[in-house]
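Peer 1: Could you have a look at this structure, given as structure tokens, before my questions?
The values are calculated or read from the model by the stated rules, or taken from the named source; none is laboratory data. Predicted, not measured: the structure shown is a model, and the values here were computed from it. All Cβ positions, glycine included, derive from the backbone under ideal geometry; neighbour counts span all protein chains shown.
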Amino acid sequence: MSKSSLPVLRLAKGAERRIKLGHLWIYSNEVDTAATPLRPFTPGQLVNVESHQGRPLGSAYLNPHSLICARLYSRQAHHPLDGDLLRRRLQHALSLREDLYPAAYYRACFAESDFIPGLVIDRFGDYLSVQISTAGLEHYKALLLQIVVDQFKPRGVILRNDAPIRELEQLPLYSEVVYGEIPEVVVVEENGARFNISLHHGQKTGWFYDHRDNRARLQQLCHGKRVLDVFSYLGAWGIEALLAGARELYSVDSSAPALAQLRANTIINQVETRAVEKSGDAFEVLQALVEEKQRFDIVIVDPPAFVKRRKDLAQGLHAYQRINHLALQLLAHQGLLVTASCSQHVEAAVLLGEVRQAAKHLPLRLQVIAQGHQAADHPVHPAMPETDYLKCFICRVIRE
């Protein structure tokens, strides 16, 4: 594609300010639709983005049907989306992870933060789980996958294109092994623990690397402690705590298959004699534990996103407050609450505010002893607060 061949997308007056500061998203209401109507464009089409005055801002792929109608992939005007660009971006992404981690278990590409909007790659040793969430990249899927194979030299690649976010781009949902073979069970190594997971059926891309550093921090605090892990999934928090010397783990999750895999992971790590699993709704299980007057030294509350859309904020914040209120009642004197949120729309100060409200009418005092963040293989784009999504607090409870 020649550099002169990209059609123009003209922005409305003043809409370029955020883009000039480095943001990569353009919303449909920021387009000058009188000058460049969205209707004639096709999903995934490449465009040259211009300010209202006609100044070039960069190149993007566009979807006229999405609220985020364009995503910049280059600050250069009329820049083709080609193999050279994708290869260079992936090389830069991989070099960061190889500097950070001695073993090949990490998020290898984090979309906008690695300057490839819509692409997530998680690496599990010799296997890759890839997710494409934009129509623009979907057009380049074959080229992108060839570059991924050349770059990483994996034994297998699975496309986990079954995330609901693709529906916002009017893309089909599917999961498919596109290179080599993906075994039913793949091993993850993290913080001295080993986990068997499924890349075919696991949540998202199969694993949540983003809490790696927060789990490592907790390992320093859990020797001899009784631990309650709520929303435990496959046991990353709890099993790593047991390996660091926790005396007992009580895991809660609504998914019986996830708890069965958690049990298998306790056996792999030879900690099964100190682990108990409970299947059920987290709120109901915690309420029952409160009524039983149970006490734990550490309670971990790491739920799925309670606020997936901004319009759900009030309801989601109430859920964060409720679950933390229950968790605080279960903590022993000088116990630790580990509370987290992966909701993009919930800022760290807001989450801490909900924890404070949860403690307001309880006979205890709180001390924040640590504040966590997403791991470095989930870098933050400094102009995009949307990429700074993970919050984690470790709070010490002093009972009156």
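Peer 1: May I ask you to list the residues in the range 270-286 that are farther than 18 Å from Lys225 by Cα, of a type outside the set (A, V, I, L, M, F, W, C) and touching a helix residue (DSSP H, G or I) at 6+ places or on another chain (Cβ under 6 Å)? Can you show your working first?
Peer 2: Step one: of the range 270-286, the residues farther than 18 Å from Lys225 by Cα are 278-286.
Subset that is of a type outside the set (A, V, I, L, M, F, W, C): 278-281, 284.
Matches in the range 270-286: Lys278, Ser279.
Peer 1: Turning to a different aspect of this structure: Part of a strand (DSSP E or B) and among the charged types (D, E, K, R): is that true of Arg365 in this structure? First the steps, then the outcome.
Peer 2: Numbers: part of a strand (DSSP E or B): yes; among the charged types (D, E, K, R): yes.
Yes: the conditions hold for Arg365.
Peer 1: Right, next: For the range 209-221, give me each residue that is surrounded by 24 or more Cβ atoms within 10 Å (Cβ to Cβ) and either in a loop (DSSP other than H, G, I, E, B) or without any contact (Cβ under 8 Å) to a residue 60 or more places away in the chain (or both).
Peer 2: Across the range 209-221, the qualifying residue is only Arg215.
Peer 1: Further question on the same structure: For the range 13-27, give me each residue that is within 12 Å of Ala70 (Cβ to Cβ) and surrounded by fewer than 16 Cβ atoms within 10 Å (Cβ to Cβ). Steps first, answer last, please.
Peer 2: The first filter runs over the range 13-27 and keeps only residues within 12 Å of Ala70 (Cβ to Cβ), leaving 15, 19, 23-27.
Across the range 13-27, the qualifying residue is only Tyr27.
Listed here are the residues, each with its yes/no results for (1) of a type in the set (Phe, Trp, Tyr); (2) in the same structural domain as Ile132 (by TED's automatic domain parsing); (3) under 23 Å from the mean Cα position of the chain (by Cα).
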{"residue": "Arg17", "(1), (2), (3)": "no, no, no"}
{"residue": "Tyr27", "(1), (2), (3)": "yes, no, yes"}
{"residue": "Ala34", "(1), (2), (3)": "no, no, no"}
{"residue": "Gly44", "(1), (2), (3)": "no, no, no"}
{"residue": "Arg55", "(1), (2), (3)": "no, no, no"}
{"residue": "Gly58", "(1), (2), (3)": "no, no, no"}
{"residue": "Arg88", "(1), (2), (3)": "no, yes, no"}
{"residue": "Leu94", "(1), (2), (3)": "no, yes, yes"}
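Peer 1: Which of (1) at pLDDT below 95; (2) surrounded by fewer than 18 Cβ atoms within 10 Å (Cβ to Cβ); (3) closer than 23 Å to His23 by Cβ is the odd one out, the single condition His345 does not satisfy?
Peer 2: In the conditions (1) at pLDDT below 95; (2) surrounded by fewer than 18 Cβ atoms within 10 Å (Cβ to Cβ); (3) closer than 23 Å to His23 by Cβ, His345 misses (2) alone.
Peer 1: Are any residues in the range 353-363 touching a strand residue (DSSP E or B) at 6+ places or on another chain (Cβ under 7 Å) and either surrounded by 18 or more Cβ atoms within 10 Å (Cβ to Cβ) or hydroxyl-bearing (Ser, Thr, Tyr) (or both), and if so, which ones?
Peer 2: Passing the criteria: Val355, Ala359.
Peer 1: Here's something else I'd like to know. When only residues in the range 261-310 that are basic (Lys, Arg) and part of a loop (DSSP other than H, G, I, E, B) count, which is farthest from the chain's Cα centre (by Cα)?
Peer 2: Our first condition is that a residue be basic (Lys, Arg); within the range 261-310, this holds for 263, 274, 278, 293, 295, 308-310.
Going one step further and asking which of them are part of a loop (DSSP other than H, G, I, E, B), we end up with 293, 295, 308-309.
Values: Lys293: 34, Arg295: 31, Lys308: 12, Arg309: 15 Å.
Per the criteria, the residue is Lys293.
Peer 1: Please go through the range 320-351 and pick out each residue that is of a type in the set (Lys, Arg) and within 17 Å of Cys222 (Cα to Cα).
Peer 2: Just the residues of the range 320-351 that are of a type in the set (Lys, Arg), to begin with: 322.
None - no residue of the range 320-351 is of a type in the set (Lys, Arg) and within 17 Å of Cys222 (Cα to Cα), so the list stays empty.
Peer 1: Being touching a residue at least 12 places away in the same chain (Cβ under 8 Å) and either in a strand (DSSP E or B) or surrounded by 15 or more Cβ atoms within 10 Å (Cβ to Cβ) (or both) narrows it down to one of Gly224, Gly245, Gly238, so name that one. Working first, answer last.
Peer 2: Values: Gly224 fails: either in a strand (DSSP E or B) or surrounded by 15 or more Cβ atoms within 10 Å (Cβ to Cβ) (or both); Gly245 fails: either in a strand (DSSP E or B) or surrounded by 15 or more Cβ atoms within 10 Å (Cβ to Cβ) (or both).
Exactly one residue qualifies, and that residue is Gly238.
Peer 1: A further question follows. Please determine, by comparing only the residues of the range 127-142 that are within 16 Å of Pro183 (Cα to Cα) and out of contact with any helix residue (DSSP H, G or I) (no Cβ under 9 Å at 6 or more places or on another chain), which one is surrounded by the most Cβ atoms within 10 Å (Cβ to Cβ). Before the answer, list the steps.
Peer 2: Here is the first cut: in the range 127-142, the residues within 16 Å of Pro183 (Cα to Cα) are 127-130.
When the remaining residues are screened for being out of contact with any helix residue (DSSP H, G or I) (no Cβ under 9 Å at 6 or more places or on another chain), the result is 127, 129.
Numbers: Tyr127: 24, Ser129: 27.
If we take residues in the range 127-142 being within 16 Å of Pro183 (Cα to Cα) and out of contact with any helix residue (DSSP H, G or I) (no Cβ under 9 Å at 6 or more places or on another chain), then Ser129 is surrounded by the most Cβ atoms within 10 Å (Cβ to Cβ).
Peer 1: Report, by residue number, each residue of the range 326-340 that is part of a strand (DSSP E or B) and either under 15 Å from Ser232 (Cβ atoms) or over 25 Å from the mean Cα position of the chain (by Cα) (or both). Even if it seems obvious, please write down each step before you answer.
Peer 2: Pass one, the range 326-340, residues part of a strand (DSSP E or B): 331-340.
Selection gives Leu331, Ala332, His333, Gln334, Gly335, Val338, Thr339, Ala340.
Peer 1: Is it true that some residue in the range 150-159 is crowded, with 21+ Cβ neighbours inside 10 Å, at pLDDT 95 or above, outside the structural domain of Val380 (by TED's automatic domain parsing) and out of contact with any strand residue (DSSP E or B) (no Cβ under 9 Å at 6 or more places or on another chain)?
Peer 2: no
Peer 1: Tyr250: hydroxyl-bearing (Ser, Thr, Tyr), within 29 Å of Leu159 (Cα to Cα) and either assigned to a loop (DSSP other than H, G, I, E, B) or in contact with a strand residue (DSSP E or B) (Cβ under 9 Å, 6 or more places away or on another chain) (or both), yes or no? Outline the logic, then answer.
Peer 2: Numbers: hydroxyl-bearing (Ser, Thr, Tyr): yes; within 29 Å of Leu159 (Cα to Cα): no; either assigned to a loop (DSSP other than H, G, I, E, B) or in contact with a strand residue (DSSP E or B) (Cβ under 9 Å, 6 or more places away or on another chain) (or both): yes.
When the stated conditions are applied, Tyr250 does not pass them.
Peer 1: Test of understanding: among Ala93, Ala111, Ala104, Ala77, which residue is modelled with pLDDT under 95, touching a strand residue (DSSP E or B) at 6+ places or on another chain (Cβ under 9 Å) and more than 12 Å from Gly136 (Cα to Cα)? Give the derivation first.
Peer 2: On the way: Ala93 fails: modelled with pLDDT under 95; Ala111 fails: modelled with pLDDT under 95; Ala104 fails: modelled with pLDDT under 95.
Step by step, each of Ala93, Ala111, Ala104, Ala77 is checked, and only Ala77 is modelled with pLDDT under 95, touching a strand residue (DSSP E or B) at 6+ places or on another chain (Cβ under 9 Å) and more than 12 Å from Gly136 (Cα to Cα).
Peer 1: If a residue must be touching a residue at least 12 places away in the same chain (Cβ under 8 Å) and either touching a Ser or Thr at 6+ places or on another chain (Cβ under 6 Å) or of a type outside the set (Asp, Glu) (or both), how many such residues does the range 282-297 contain? Break it down into steps so the answer makes sense when it comes.
Peer 2: First pass over the range 282-297, keeping only residues touching a residue at least 12 places away in the same chain (Cβ under 8 Å): 282-283, 285-287, 289-290, 294-297.
From what is left, the residues that are either touching a Ser or Thr at 6+ places or on another chain (Cβ under 6 Å) or of a type outside the set (Asp, Glu) (or both) are 282-283, 285-287, 289-290, 294-296.
Here the count works out to 10.
Peer 1: Hey, could you check the range 278-318 for residues that are of a type in the set (Gly, Ala, Ser) and more than 18 Å from Ser232 (Cα to Cα) and say which is surrounded by the fewest Cβ atoms within 10 Å (Cβ to Cβ)? Can you show your working first?
Peer 2: Our first condition is that a residue be of a type in the set (Gly, Ala, Ser); within the range 278-318, this holds for 279-280, 282, 288, 305, 314, 316.
Checking the rest, the ones that are also more than 18 Å from Ser232 (Cα to Cα) come to 314, 316.
Numbers: Ala314: 8, Gly316: 22.
Among those residues, the one meeting the criterion is Ala314.
Peer 1: If you don't mind, there's one more thing I want to ask. Quick check: is even one residue across the range 79-87 assigned to a loop (DSSP other than H, G, I, E, B), surrounded by fewer than 21 Cβ atoms within 10 Å (Cβ to Cβ) and basic (Lys, Arg)?
Peer 2: No: the range 79-87 contains no residue that is assigned to a loop (DSSP other than H, G, I, E, B), surrounded by fewer than 21 Cβ atoms within 10 Å (Cβ to Cβ) and basic (Lys, Arg).
Peer 1: Taking into account only those residues within the range 88-110 that are in contact (Cβ under 8 Å) with a residue 60 or more places away in the chain and part of a helix (DSSP H, G or I), which is farthest from Gly44 (Cα to Cα)?
Peer 2: To start, the set of residues in the range 88-110 that are in contact (Cβ under 8 Å) with a residue 60 or more places away in the chain comprises 90-91, 96-97, 100-101, 103, 105-108, 110.
Checking which are part of a helix (DSSP H, G or I) leaves us with 90-91, 96-97, 100.
Numbers: Leu90: 20, Gln91: 24, Leu96: 29, Arg97: 29, Leu100: 33 Å.
Top of the filtered list is Leu100.
Peer 1: Something else about it: Within the range 97-117, take every residue that is aliphatic (A, V, I, L, M) and surrounded by fewer than 17 Cβ atoms within 10 Å (Cβ to Cβ) and give me the one that is nearest to Ile19 (Cα to Cα).
Peer 2: Going residue by residue through the range 97-117, those that are aliphatic (A, V, I, L, M) are 100, 103-104, 108, 111, 116.
Retained after the next criterion (residues that are surrounded by fewer than 17 Cβ atoms within 10 Å (Cβ to Cβ)): 100, 103.
Values: Leu100: 30, Ala103: 36 Å.
Per the criteria, the residue is Leu100.
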